[in-house]
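Values quoted throughout were computed directly from the atomic coordinates according to the rules given, and no laboratory measurement underlies them. These numbers were taken from a predicted model, which means no experiment stands behind them. For neighbour counting, all protein chains shown are included, and Cβ atoms are generated from backbone atoms with ideal geometry for every residue, glycine included.
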C-alpha cells in the first residue's frame, strides 16, 4: 500500500484525460466499426488484449523511458511512418489500458483505488508523447482538432508536395497506385487478424484551393515483430510503406483517432490526382523515396510491390488456415496489445517476450473467452456502456448518448484524504504463447538484422533533423527565421533526397513549390 505520492493536480488531470478518452472511445466504437469476423474470434482476442495491456503497459513504458523520454520519441514519430502514430498512440495506448482496468473493476477484481500510480503514469506518458508528436498542430488528439492530424513540419510537407507525380483515373500510374493500395490494405487486414491496425491515414494538408493531401501508411508488412510473418513475408522488402495522395475537389472533413477518414464529396478513384511512395523506420533519415526518380520507375515500383504483397497474402492465408482457436486468439490479442511496440524499437529496448507473449495474469481469463461471453462483455463495455462499474448518478447526461454512464471509472479523490490505495499492478510477469517462437530476423531500412543488432543500431542513431542543433526549431521559429543560414541547413536536410527541392532551403511558399513540380 502506498500513501500520498500523488497530488491533487495529478489526479485532476488524469481524470480529465480519462474522461476525454471515454467520450471519444464511445463515439469511435458506435459510429466507426464492426467488431466481428467470420474467421477470427475478434471479441475474445480484444478482451484478452485489454487485460494484457493493463498488466504490462506501465512497466514496459517505464522500461522505454529508462532509455528515451516520451517527448523525444514523439519528436521522432514525425520523422517516419512506423506504428507509433495514429491509431496506436492517439487512442490505443490509453484506450486498451483503461478498457482492461474497467473490465477488471466491473468483475470485482480491482477497485478504482487500485494501481493508481500506474494509471497516472500511463496517462502522463500518453499526454507527453501526444503533445510532442502533435506539436505542429498543437493538440493532444485528432478529436481536439475537429478530427484532423497535421503533424508534419512544413519542410516535410513541401517535399511530399513537390515530388508527387500527377495522375488521372485510367492512366498507368493511377491504376498501379490504386491496385497496390487495395492489395496492401487486404494484406494488412489479414496481418492484423482482420483489424485495421496495419493501416492509417493522417492529414489533410491543403495543396491548393481545390486540392488536399492525405498521407497513408501501411505498417508491419515484412518479417519483423510478428511470428506469423516469419518466412511468409520474406519477399516483402519494406516493413513500412507510405503513399502520399493528392485529391481534387474532395475535402477530408474527418481523420479520426483510429486513422480512418471521411470526405465530402466521397473519396472515389476519380478524385485521386497525385501520388508519391516512401519507406521509413526508426533507423532511416526521414522518409526514403521508392521509385520516385521518374514516373516510369514509380509505376514499376508500385507493380513490383503489388506482386510481393499479393504473394505474401497467399502464403499468410495458408498459414492461418492451419491455426487453432488459441493461436488465433493469441495473434489477435498480441496484434492489439503490441500496437505500441515500436516505442520500444525507437528506444532500442525491444524484447520479444515483452511484446509477443500473453502475461500469465491475463492468461488466467482465457477459459472465459468463448464467442458468446466475449461478444456480450465487449458489447457492454464499449457499446452499451452497461457494466455496473460504468453507471454514475442518474442526473448525468453523457456526451453522445445522454445516458448516466461513464466508460472509464475515475480515480476517487478520497485517496488524498487518507483512503488506502495500491500503487501498481506490479512488474511484467512471465508470458505464454501458442504461436511458434519468433525467428530472429527484423526487416529495417538498413536491411535484415538480428534483434540484438536492431536494438544496438536504434540506441546509437539520431536522425540528423532531430539532433540537438535542430530538434527544437519548430514551424513557429521558421516563420520568423526563414532564409537564415540555420533554417536553410535544416530544410536542406529534409530536401536531400527530393527530386525537385534539393538544396532549395527554407524560403519557399506553397506556390513556389507548385511551380517547381514542373
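Once the Cα atoms are used to define both axes, helix 154-163 deviates from the longest principal axis of the chain by about 50 degrees. Placing dummy labels 7 Å off each Cα toward the beta-carbon, the span from residue 300 to residue 445 is 2.3 nm.
For the chain, the mean residue ellipticity at 222 nm estimated from helices alone is -13000 deg cm²/dmol, where every DSSP H run of n ≥ 4 contributes -39500 (n - 2.57) and the total is divided by all residues, rounded to the nearest 500. The long axis of helix 116-133 is offset from the longest Cα principal axis of the chain by roughly 10 degrees. Between residue 517 and residue 370, the C-beta separation translates, for a Förster distance of 51 Å, into a calculated FRET efficiency of about 0.35.
Ranked by the mean number of other Cβ atoms within 10 Å of their residues, highest first, the peptides 171-180, 190-199 fall in the order 190-199, 171-180. Our note on the geometry: Cα centres of the stretch 419-481 and the stretch 272-308, 24 Å apart. With a simple spin-label model that places each label point 7 Å from the Cα along the Cα-to-Cβ direction, the separation between residue 293 and residue 315 comes to 2.7 nm.
The simple Förster model, with R0 at 45 Å and r as the Cβ-Cβ distance, assigns residue 186 and residue 384 a FRET efficiency of 0.90. Between residue 169 and residue 67, the contour length at 0.36 nm per residue exceeds the Cα-Cα span by 31.9 nm.
Among 444, 422, the ranking by other beta carbons within 10 Å of each residue's beta carbon, starting with the fewest, stands as 422, 444. Hey, for a label at residue 209 modelled as a point 7 Å past Cα toward Cβ, could you say which residues of the stretch 493-518 have their backbone N under 19 Å away? Counting only backbone N, you get 509-515.
When the square roots of the Cα gyration tensor eigenvalues are ordered a ≥ b ≥ c, the ratio a/c for the stretch 87-216 is 1.5 or more and a/b does not exceed b/c, which makes its shape oblate.
To the nearest Å, what is the center-to-center distance of the stretch 147-177 and the stretch 485-515, using C-alpha atoms only? Cα centres, the stretch 147-177 to the stretch 485-515: 17 Å. Compared with the dominant principal axis of the Cα atoms in the chain, helix 8-31 is inclined by about 70°.
The length gained by stretching the chain between residue 19 and residue 399 to full extension, at 0.36 nm per residue less their Cα-Cα distance, is 135.8 nm. Convex hull volume of the Cα atoms of the chain, normalised per residue: 148 Å³. Here the scattering of the stretch 467-518 is modelled by Debye summation over its C-alpha atoms, one equal scatterer each and no solvent; at q = 0.13, 0.15, 0.16, 0.24 Å⁻¹ the log10 of I(q)/I(0) is -0.30, -0.40, -0.46, -0.94. Net length available on complete extension from residue 9 to residue 39 is 6.2 nm, with 0.36 nm assigned per residue and the Cα-Cα distance removed.
In the stretch 169-205, whose amide N lies under 13 Å from the spot 7 Å out along Cα-to-Cβ of residue 248? List them in ranges. The answer is 169-171.
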